[in-house]
Every structure is written in C-alpha cells, then in structure tokens.
Amino acid sequence: MQSPFYFIVKPLEGKRYNNTKKIGDVNFITSTSEEDFKASNRKAIVEQTPLKYQGPIAKGDTLLVHHNVFKFYNDMKGRQKSGKSYFKDDLFFVDNDQFYMYNHDNQWFSHDRYCFVKPIDVQKSFMFKRGNEEPLMAEMVYANYYLQTQGVSNGSQVSFQPDSEYEFEVDGEKLYRMFDHQITLKL
C-alpha cells in the first residue's frame, strides 16, 4: 500500500503523546492535556514512501513531524477524534510540509527549506539580558542545502529573526526549527 503523494508513518514507539517521564522506577505523567502541543509525539517511523518518490528517505527512517500529526481533538459534542493526518489503525499520512527533518542511517538531515539551530549561552555584556540564552543568536546544527550554498555550514554562528524559534528536542538537545530565510546573518 502506497499513497501517491504522502508518506505513511507510525508514531515512534506507538505513542501519540510523549507525556511521561521516568524517575527511578516510576513513570510520572507530565501532562494530561490532549491540547498540550509540547506533549505530542513529534517523531514518526516511515512505513511507506509516496509512489514514484526518488528522494533519500526510506522505509524505517525517522521523521521529525509537526505537533498536530498524532494529536487527538474533540468535536463539537466532546467526542474524541483523530486529526486530518489519521489514516487507519496506527498509520498516518504525512505531507511534504508536515515534517522538517529526517534521520537516515543514524544521521539527521534538514528537509526542504528548514534548518535547525542551537541557542547559545548568554555572552558577557554591559547590557542586561533576560534568560540564559543569547537573544537572536545561535549555532547552526543542521543546515539545509540552500544555506550551505550561501556559506552557512553546521557549526556556524548565526543570527535570526525575532519570534522565529519553534522548539524541538533532537537527541536530547534543545534546537529551534527555522526556515532558511529567517537566518539573517552569519557571524
């Protein structure tokens, strides 16, 4: 079974939500809300690629997907429903615009116009800065093809547009997903 246009995926570990944290031998529930986007699972395993797909993504690879792919919703009568990505059983359709990165052969790659940056610690300054991250500055972790052609590679220090941070956790590290046009400066 293959779709003409969509990837067919399953949620990683068969869970729609990542809302538990193990401390010692006890699993604690960190969120009971189905609307908490931070608790939704963002990793999907590819079961099938689209028909005539010729790209690098293969069956068994991991996709980093939009937070709404696996979420439940309540209709007007309060009944629990799956979102538009739901296909059947534990399978979901993922459009080309619904995933941002893929893991092939244990290596992550940015997809399409997306890139991922890691916030850097606050630098010494005469100005007061809130928080523990340098505002609007980061280290490029996963550059896409376009940024690489512009001289921005993994490890480059970059600046980005305000309010463009979309937070993900990748391999235990906090990263921000951005579009390549939101990178404004290579430092």
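The values are calculated or read from the model by the stated rules, or taken from the named source; none is laboratory data. Predicted, not measured: the structure shown is a model, and the values here were computed from it. Every residue, glycine as well, gets a Cβ built from its backbone with ideal geometry; the counts of neighbours run over all protein chains shown. Side chains are part of the model used for accessible areas, which takes the heavy atoms of the whole protein and leaves out ligands, DNA and RNA. Shrake-Rupley method; radii C 1.70, N 1.55, O 1.52, S 1.80 Å.
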Set the Förster radius R0 to 22 Å, insert the Cβ-Cβ distance between Asp121 and Leu185 as r into 1/(1 + (r/R0)^6), and round the FRET efficiency to 0.05. 0.75
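Please report the net charge: other residues with Cβ closer than 15 Å to the Cβ of Ser159, K and R +1, D and E -1.
Working: positive: Lys118, Lys129, Lys186; negative: Glu133, Glu134, Glu139, Asp163, Glu165, Asp180.
Local charge sum for Ser159: -3.
Just to confirm the filter: which trypsin sites (Lys or Arg not before Pro) across the range 1-80 are DSSP coil and have at most 11 other Cβ within 10 angstrom of their Cβ? Intermediate results must be reported in sequence, preceding the final value.
On the way: sites: Lys15, Arg16, Lys21, Lys22, Lys38, Arg42, Lys43, Lys52, Lys59, Lys71, Lys77, Arg79; in loops: Lys15, Arg16, Arg42, Lys52, Lys59, Lys71, Lys77, Arg79.
Filter output for the range 1-80: Lys52, Lys59, Lys77, Arg79.
Using 1/(1 + (r/R0)^6) with R0 = 25 angstrom and r between the beta carbons of Glu134 and Tyr166, what's the FRET efficiency to the nearest 0.05?
E between Glu134 and Tyr166, to the nearest 0.05, is 0.90.
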So, for the range 14-126, what is the accessible surface per residue at a probe of 1.4 Å, expressed in square angstrom? 62
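Carbon-plus-sulfur fraction of the accessible area of the chain, 1.4 Å probe, in percent? Display every interim value, and only then the final one.
Numbers: 5680 of 11570 Å².
Ligands and nucleic acids excluded, carbon and sulfur give 49 percent.
Using r as the Cβ-Cβ distance of Ser82 and Lys22, and R0 as 30 Å, what FRET efficiency do you calculate, to the nearest 0.05?
Details: r = 27 Å, r/R0 = 0.90.
Computed FRET efficiency for Ser82 and Lys22: 0.65.
Could you work out [θ]222 nm for the chain from helices alone, using -39500 (n - 2.57) per DSSP H run of at least four and dividing by all its residues? Round to the nearest 500 deg cm²/dmol. Could you put the intermediate results ahead of the total?
Values: 1 runs with 5 residues, N = 187.
After summing the helix terms and dividing by the residues of the chain, the value is -500 deg cm²/dmol.
If the limit is 32 Å between Cα atoms, which of Lys21/Lys84; Lys15/Lys186; Lys10/Lys186; Lys52/Lys118; Lys84/Lys129 go over it?
Numbers: Lys21/Lys84 28 Å; Lys15/Lys186 39 Å; Lys10/Lys186 37 Å; Lys52/Lys118 35 Å; Lys84/Lys129 41 Å.
The answer is Lys15/Lys186; Lys10/Lys186; Lys52/Lys118; Lys84/Lys129.
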